[in-house]
1. Whole-Hz ³J(HN,Hα) for each residue in region 32-40, computed from phi via Karplus 6.51 cos²θ - 1.76 cosθ + 1.60 with θ = phi - 60°, x for glycine and proline: what do you get?
2. ALA25 to ALA52: extension gain in nm, 0.36 nm per residue of separation minus the Cα-Cα distance?
3. Sort largest first and round to whole Å: the equivalent ellipsoid semi-axes of region 13-74, each the square root of five times a Cα gyration tensor eigenvalue.
Amino acid sequence: MVRTKVTPLARQPVCQWPSAENVLAELVAGLDEAAEREPDPERRGRLRSVAAGLRDSAREIATDIIARIIEHKTAL
């Protein structure tokens, strides 16, 4: 019997393995949700600003950092 392992590369397209893009999307969604629930206008504005930055200008930096964290945690 030949056993083969399912690789992280095979798991990513079916969302069984984290990708930097998926983790970042979840983080941004969480920040958006937190902003919606936040009663303090100043904190709500900061949460929205962070989410917007991660969606736009800081996206590339954030995905690179997240990818490095995933690689380190999974020893790839």
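Throughout, read-outs are computed from the coordinates displayed, never taken from laboratory work. From a predicted model like this one, the values you see are computed outputs, not experimental measurements.
1. Once rounded to whole Hz, the list reads 4, 5, 4, 5, 5, 8, 6, x, 7.
2. On the way: separation 27, 0.36 × 27 = 9.72 nm, distance 1.15 nm.
This chain segment gains 8.6 nm when fully extended.
3. Values: eigenvalues 125, 31, 16 Å².
Listed largest to smallest, the semi-axes of region 13-74 are 25, 12, 9 Å.
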